[in-house]
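Q: Please see the structure below; I have some questions.
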Amino acid sequence: MSAPRLPSTLRVFERGWLSANNVLLVDGDEATLIDSGYLSHAPQTVALVADALGGRQLARLINTHSHSDHIGGNAALQRAFGCAISVPAGMAAAVENWDEAALLLSTAGQAGERFRHDDVLTAGDGFVAGELAWQALAAPGHDMDALVFYNPEQRLLISGDALWRDGFGILFAEVLGTDDGLGATRRTLEAIGRLAVDVVIPGHGAPFADFDDAMARAYARLRAFEADGARMARNAIRACVAFDLLARRRLKLDELPRLLAETPLYREADRRFLGLGAEALADWLVGELERAGLARREGGALLAV
């Protein structure tokens, strides 16, 4: 399937894990960037943006939500370009106080660098970027304070992790038991489904035009999680440990049970849905990562593939 056509003022940097995609929108001599990738990729993000700017000023950085793979380059971009940073209103207090639990950094065992935000976006707000008028829409579920950005003229949706080609991001609030992530996700999908969309620019993966098919796959994933909370919990643990392993590159096998027991996300997912205990959970997880081709055992350690 050929790549969908995007406006000439918009460029997508499709990033591999650990980073979310970055979207650069150009307005004359200035530009706006949406999302900034993971902390360890920040130098690469700065280089990508500098090259694409071609001497323009990066005036603004906007985050779709607060997770580490979307905000990890914020501080580095702010230092490099002096850009203003806009965050969803719901995450502003966590950023201001640098609450690593609320930002899911300590909760999921991930890293971030403190940054200063300059203003907030609230659902219903509008802004212009890339010579296009965007509407900020609430998209709770994966992150309860997340926003997506919609341009009705070009029928474009910048969806963050609320909608991917093959689903959506981990439902952290539901797994942790802190909010109704399943219900919020259903309401978000219903709201997105009412939009006229020709192209989706997701937080991960290439932009795509098969909107109806993607919505159907997202609903199927949601129904599976609604029917089986253990499946949802296993998905969250597997994805986040794979993310952590990519960041570390190597993890001693005898340290994995302790990691699972001490990291709130894994501990709560097991307690609420699985009831395995750290040792059994570690055994299951290693087998899953090996079967998926994401890791291999070598010399008493688990290595990222």
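Every number here is computed from the coordinates shown, using simple stated rules; none is lab data. All values reported here derive from a predicted model rather than from experimental measurement. Positions of Cβ are generated from backbone atoms using ideal geometry, with glycine treated the same way; all protein chains shown enter the neighbour counts.
Q: Quick check: from the Cα gyration tensor, does segment 76-204 come out rounded (a/c under 1.5), prolate or oblate?
A: Note, shape of segment 76-204 comes out oblate.
Q: So if each residue of separation counts as 0.36 nm, and I subtract the Cα-Cα distance between ALA84 and ALA191, what length gain in nm does that give?
A: 35.6 nm is the gain from fully extending ALA84 to ALA191.
Q: Next question, about the same structure. Please arrange SER19, SER66, SER106 by counting, for each residue, the other beta carbons lying within 10 Å of its beta carbon, fewest first.
A: Ascending number of Cβ neighbours within 10 Å: SER106, SER66, SER19.
Q: State the antiparallel share, in %, of DSSP beta bridges confined to segment 27-91, rounding to the nearest 5.
A: About 10 percent, rounded to the nearest 5.
Q: Say each of ALA209 and GLU113 gets a label point 7 Å from the Cα, pointing the same way as Cα to Cβ; how far apart are those two points in nm?
A: Placing both labels 7 Å beyond Cα along the Cβ direction yields 3.9 nm.
Q: Now for a separate question. If you take the charge dipole of segment 1-124 about its Cα centre, with +1 on Lys and Arg Cβ and -1 on Asp and Glu Cβ, which of SER86, SER36, VAL120 is farthest toward its positive end?
A: Towards the positive end, the residue furthest out is SER36.
Q: Here's something else I'd like to know. Give me the net charge for the shell around VAL200: Cβ to Cβ below 15 angstrom, other residues only, Lys and Arg +1, Asp and Glu -1.
A: My count for the surroundings of VAL200 gives -3.
Q: Summing -39500 (n - 2.57) over the DSSP H runs of n ≥ 4 in the chain and dividing by its residue number, what mean residue ellipticity at 222 nm do you reach, to the nearest 500 deg cm²/dmol?
A: -11000 deg cm²/dmol
Q: Between ASP27 and ARG5, what is the FRET efficiency for a Förster distance of 22 Å, r being their Cβ-Cβ separation, to the nearest 0.05?
A: 0.65
Q: Also: With each label point set 7 Å from Cα along the Cα-Cβ vector, what nm distance links TRP98 and ALA50?
A: Each label point is offset 7 Å from its Cα along the Cβ direction, giving 2.4 nm.
Q: Can I ask one more? To the nearest 20 Debye, how big is the dipole of segment 178-244 about its Cα centre, given +1 on the beta carbon of each Lys and Arg and -1 on that of each Asp and Glu?
A: So the dipole magnitude of segment 178-244 works out to roughly 200 debye.
Q: With percent of Cα pairs over 31 Å apart defined as stated, name the option among [x] 28; [y] 25; [z] 44 computed from the structure displayed.
A: Calculated percent of Cα pairs over 31 Å apart: the matching label is [x].
Q: For segment 122-130, take each phi angle, set θ = phi - 60°, evaluate the Karplus expression 6.51 cos²θ - 1.76 cosθ + 1.60, and give the result in whole Hz per residue in order, putting x for glycine and proline.
A: 10, 3, x, 5, x, 8, 10, 8, x
Q: Separate question: Residue-wise, which Karplus ³J(HN,Hα) couplings in Hz belong to segment 253-258, taking 6.51 cos²θ - 1.76 cosθ + 1.60, θ = phi - 60°, and x for glycine or proline?
A: Values per residue, Gly and Pro as x: 4, 6, 8, 5, x, 5 Hz.
Q: Could you tell me whether segment 170-259 comes out rounded, prolate or oblate from its Cα gyration tensor? Rule is a ≥ b ≥ c as square roots of the eigenvalues, rounded for a/c under 1.5, then prolate if a/b exceeds b/c, otherwise oblate.
A: oblate
Q: Of all DSSP beta bridges located in segment 99-205, what percent are antiparallel, nearest 5?
A: The antiparallel fraction comes to roughly 75 percent.
Q: Continuing with the same structure: Taking only complete DSSP H runs, can you tell me which helices of the chain stretch 15 Å or more along their own long axis by Cα positions and average at least 1.0 on the Kyte-Doolittle scale?
A: Result, helices passing both filters: 42-53.
Q: Oh, and also: With a cut-off of 8 Å between alpha carbons and a minimum separation of six or more residues, what is the relative contact order of the chain in percent?
A: After rounding, I find 14 percent.
Q: With a 10 Å Cβ neighbour count serving as the proxy for reagent exposure, in which order, fewest first, do SER36, SER159, SER86 appear?
A: By the 10 Å Cβ count, ascending: SER86, SER159, SER36.
Q: Return the percentage of antiparallel bridges among DSSP beta bridges fully within the chain, rounded to the nearest 5 %.
A: 65
Q: Could you order peptides 178-188, 235-245 by the average number of other Cβ atoms within 10 Å of their residues, highest first?
A: Packing proxy ranking, top to bottom: 235-245, 178-188.
Q: Let me ask another. Given charges of +1 on the Cβ of Lys and Arg and -1 on the Cβ of Asp and Glu, with all other atoms neutral, how large is the dipole of the chain about its Cα centre, in debye to the nearest 20?
A: Dipole of the chain, to the nearest 20 debye: 680 debye.
Q: What does the charge dipole of segment 1-146 about its Cα centre add up to, to the nearest 20 debye, if the Cβ of each Lys and Arg holds +1 and the Cβ of each Asp and Glu holds -1?
A: 320
Q: On to the next question. Which one of ALA191, GLN154, LEU77 has its Cα pushed farthest toward the positive end of the charge dipole of the chain, where Lys and Arg give +1 and Asp and Glu give -1 at the Cβ?
A: LEU77
Q: So for the pair ALA220, LEU303, with labels modelled 7 Å out along Cα→Cβ, what separation do we get in nm?
A: That separation, rounded to one decimal, is 3.6 nm.
Q: For segment 76-115, which chymotrypsin sites (Phe, Trp or Tyr not before Pro) are both in a DSSP coil and crowded by at most 16 other Cβ atoms within 10 Å?
A: TRP98
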